[in-house]
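First the structure, in the form of structure tokens, and then the observations on it.
What follows is calculated from the coordinates using simple rules that are stated; it is not laboratory data. These figures come from a predicted structure and were not determined experimentally. Heads up, the Cβs are rebuilt from the backbone with ideal geometry, glycines too, and the neighbour counts pull from every protein chain shown.
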Amino acid sequence: MADFLNETPSTESKRCDRAFLVGVQTAQLPPGEAAELLVELQELVENLHIGVVGQALVNLRQPTPATLLGSGKTEEIIAAAKAVEADLIVLDDSLTPAQQRNWEKLSGLAVIDREEVILDIFAERARTREAVLQVALARMQYSLPRLTRAWTHLSRQRGSGGMGGEGETQLEQDRRLVNDRIARLKHDLVEVRQQRGVQRQKRQRVPVPTASIVGYTNAGKSSLLNRLTGAHVLAEDKLFATLDPTTRQLLLRGNQKLLVTDTVGFIRRLPHRLVEAFKATLEETIIADFLIHVVDVTNPNCDKHHATTLSVLRELGAVDKTILTVFNKVDAATPADLQRAHQLVPDALYLSAHTGQGLPTLETRLVELIADAFATSELLVPHDRYDVVARLHTLGHIQEQEHREDGIYLRGRFPPSQQGFFAPFVVR
């Protein structure tokens, strides 16, 4: 497993190579969903280069405070894990710090939950300073209540006279260290977000329509950005291949410009602390003029992936934006896949970022969305105001320009935010 950052207390840990997975079907989950999530958990764990040597699916009627699953089922799982020589047990549910400690004490193995797996993947994938800081903050906040787990080799018994024992003193020092680290990370993130705000303001000085590509992880968002804009964003067939937003310019028909941003992928049971940590990055989604929601049409759970993305967008406050749903990977789709997709979103588009199939239709639809968002205006600019004409070319999309006796006639689409500038010249 990935180590904590340098300033986190070191642990007496060893590399885990053989994982035993435990799915948990509760009454709150639709029938069969725990089995689907267990398949997804296996892919997550394998993304950490850990082999899966066994798994079990538990029907949980009532969670127990000590181990979540109850003593009998816990012992059964531990025995099954040891029988296949696993050195790691992964539960596809959230464990409290106390439950995690109890599992490890009973089993003598490392025990983690789904959240820690995703945090480790994010830590492995982070590249830019902002992503590294965001992941580090989420992991520190996750680890803080679990510090006792990192120091099981120390005594935590209280000494006489109310004095803390050796372990307790060490734990208090570690808590202060981690809290200090959290404070510094938050401070550094504020600086990075301010820098991102400056970059965004520079873009907005020359307003161009913006779109954000969103969707479930591994749906093909980066591949679509690359195909549309000729970018070279990392696009691999694995979960969370990219965490950092990438913005590229797309030139559409009629010389219409569009800024397109690729964003971090979503996943079912995405830890809330990661949504919070990446809100700065996902602000690109919130301020976009519209969203391109990419769905993998070949995935048998695409309906749930579609719902998960909408749920995260709702949490971000972006679900009310204009959303263009695009089913990707049609080159590998079956008729049943396409029928299911049509029932899910009847007015969606279908394309393949791999082959380019359907891209002209997408680009036409993007032009239409821009036309809807930016109303067409007709302007007449005096001949001695070529500075205004030049800026209008920069601000918006000029569809027609003609020199007339009384001025320069322009017809085009301009952002509403710039209406104060071009309103004096509007003739219709």
Backbone HN-Hα couplings from phi across the stretch 317-332 [Karplus 6.51/-1.76/1.60, Hz, Gly and Pro as x] | x, 10, 6, 7, 6, 5, 10, 9, 7, 10, 8, 9, 6, 5, 5, 10
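Going by how many other beta carbons lie within 10 Å of each one, how would you line up ILE182, ILE370, fewest first? Please report the intermediate quantities before stating the final value.
Working: ILE182 16, ILE370 20.
Exposure proxy ranking, most exposed first: ILE182, ILE370.
Kindly work out what percent of the DSSP beta bridges joining two residues of the chain are antiparallel, to the nearest 5. Before the final figure, lay out the partial values.
Working: 22 of 58 bridges.
Close to 40 percent.
Gain in length, LEU106 to ALA79, computed as 0.36 nm per residue apart minus the alpha-carbon separation, to one decimal in nm? Before the final figure, lay out the partial values.
On the way: separation 27, 0.36 × 27 = 9.72 nm, distance 1.06 nm.
Result: 8.7 nm gained on full extension.
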Using only Cα positions of the stretch 18-124, each an equal point scatterer, no hydration layer, compute I(q)/I(0) via Debye at q = 0.12, 0.19, 0.21, 0.24 Å⁻¹ and quote the log10 values to two decimals.
-> -0.35, -0.94, -1.16, -1.50
Starting from the amide H of THR263, placed 1.01 Å from N in the peptide plane, find each other amide H under 5 Å away whose residue is 5 or more places distant or on another chain.
-> ILE213
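For THR285, THR298, what ranking results if the residue with the fewest other Cβ atoms within 10 Å of its Cβ goes first?
Numbers: THR285 23, THR298 17.
With the fewest neighbours first, THR285, THR298 line up as THR298, THR285.
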Full-extension gain in nm, SER94 to ARG365, via 0.36 nm per residue minus C-alpha separation | 93.4 nm
Separation of alpha-carbon centers, the stretch 256-277 and the stretch 361-419, rounded to whole Å | 32 Å
Put one equal scatterer on each alpha carbon of the stretch 49-95, apply the Debye formula with no solvent term, and list log10 I(q)/I(0) at q = 0.22, 0.33 1/Å to two decimals.
-> -0.83, -1.43
So which trypsin sites (Lys or Arg not before Pro) in the stretch 43-132 end up in coil per DSSP with only 13 or fewer other C-beta atoms within 10 Å?
-> ARG61, ARG127
Given the convex hull over the Cα atoms of the stretch 245-397, what projected area results after averaging over all orientations, in nm²?
-> 10.9 nm²
Expressed as a whole percent, how much of the Cα-Cα distance distribution for the chain exceeds 42 Å?
-> 28 percent
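For a footprinting-style exposure proxy, rank HIS232, HIS354, HIS293 by other Cβ within 10 Å, fewest first.
Numbers: HIS232 11, HIS354 16, HIS293 23.
If I rank by nearby Cβ atoms, fewest first, I get HIS232, HIS354, HIS293.
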q = 0.15, 0.19, 0.31, 0.32 Å⁻¹, the stretch 375-425: log10 I(q)/I(0) [Debye, one scatterer per Cα] | -0.33, -0.53, -1.44, -1.51
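Multiply the residue gap between GLU172 and THR334 by 0.36 nm, knock off their C-alpha separation, and tell me the result in nm, one decimal place. Write out the running numbers ahead of the final one.
Values: separation 162, 0.36 × 162 = 58.32 nm, distance 5.83 nm.
Extra length from GLU172 to THR334 when fully extended: 52.5 nm.
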Pairwise FRET efficiency - THR322 versus ASN255, Cβ, R0 = 35 Å, nearest 0.05 | 0.95
